[in-house]
Amino acid sequence: MSTYFPSGKGLADNRKWLVVDAQGKTVGRLATEVARMLSGKNNPAWTPFLDMGDFVVVINARLAVFTGAKTDEKLYRRHTLYPGGLRETTAREMFEKKPEKVIELAVRGMLPKTKLGKAMGKKLKVYADAEHRHSAQSPEAIEITTR
């Protein structure tokens, strides 16, 4: 009896589309589950060097929450590439301006920092409200339970 080992052929044909509602969910706990789905670790045939994950659509990103005082204390830093160009934004400001970016940065931070991780990150679609434009793919709604 031999062990099943995926070859990598036809992986893109078998990908599912999943919809996750972020309403009332904690950002970090939501991001860990979404990262697991993107990398394919919820698949019994998961292989570390293959992209076994599914497409994930996150809706209602505006309604996700941080615990504790992270809303005011957490900082997002970026640099403009000019001298003295370090810009800091609090999580509250980020939720007001770009709520999709908060979820996207949290999930991408949990994926590998390689070409494979970049390919996994491209399968993530985040929307601030309940409407999304992937209804043609007939996505399956997934309920994420967090403690």
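Throughout, read-outs are computed from the coordinates displayed, never taken from laboratory work. Everything numeric here is computed off the predicted structure, so don't read it as measured data. Ideal geometry is used to build each Cβ from the backbone, glycine not excepted, and the neighbour counts take in all protein chains shown.
Contact list please: Cβ distance under 7 Å, first residue in region 9-20 and on the phi < 0 side of the Ramachandran plot and surrounded by fewer than 17 Cβ atoms within 10 Å (Cβ to Cβ), second residue in a strand (DSSP E or B) and not polar (S, T, N, Q), pairs at least six apart or on different chains. Short answer, once both residue conditions are applied: R15/F55; K16/E140. Just one of (1) within 11 Å of the chain's Cα centre (by Cα); (2) on the phi > 0 side of the Ramachandran plot trips up G68, so point out which. All conditions are met except number (1).
Among the criteria (1) surrounded by 14 or more Cβ atoms within 10 Å (Cβ to Cβ); (2) among the basic types (K, R); (3) touching a His at 6+ places or on another chain (Cβ under 8 Å), the one R87 does not fulfil is (1). Within region 133-145, the presence of at least one residue that is in a helix (DSSP H, G or I) and not aliphatic (A, V, I, L, M) is confirmed. Residues in region 45-84 that are of a type in the set (S, T, N, Q), surrounded by 10 or more Cβ atoms within 10 Å (Cβ to Cβ) and assigned to a loop (DSSP other than H, G, I, E, B): T47, N60, T67.
Keeping to region 107-133, report how many residues are loosely packed, with under 14 Cβ neighbours inside 10 Å and within 21 Å of R62 (Cβ to Cβ). Counting residues in region 107-133 that are loosely packed, with under 14 Cβ neighbours inside 10 Å and within 21 Å of R62 (Cβ to Cβ) gives 5. A Cβ distance below 7 Å, combined with a sequence gap of six or more or placement on separate chains, defines the contacts here; from region 92-119, residues that are touching a residue at least 12 places away in the same chain (Cβ under 8 Å) reach residues that are among the β-branched types (V, I, T) and not in a helix (DSSP H, G or I) in the pairs E100/V126; I103/V58; I103/V126; E104/V126.
Do the conditions hold for M110, that is, is it under 12 Å from the mean Cα position of the chain (by Cα), aliphatic (A, V, I, L, M) and part of a loop (DSSP other than H, G, I, E, B)? Taking the combined requirement at face value, the residue satisfies it. Is it the case that region 27-43 has a residue that's farther than 22 Å from E140 by Cβ, assigned to a helix (DSSP H, G or I), of a type in the set (A, V, I, L, M, F, W, C) and under 20 Å from the mean Cα position of the chain (by Cα)? Within region 27-43, one or more residues are farther than 22 Å from E140 by Cβ, assigned to a helix (DSSP H, G or I), of a type in the set (A, V, I, L, M, F, W, C) and under 20 Å from the mean Cα position of the chain (by Cα). When residues in region 1-18 are screened for being under 20 Å from the mean Cα position of the chain (by Cα) and not in a helix (DSSP H, G or I), 5 of them pass.
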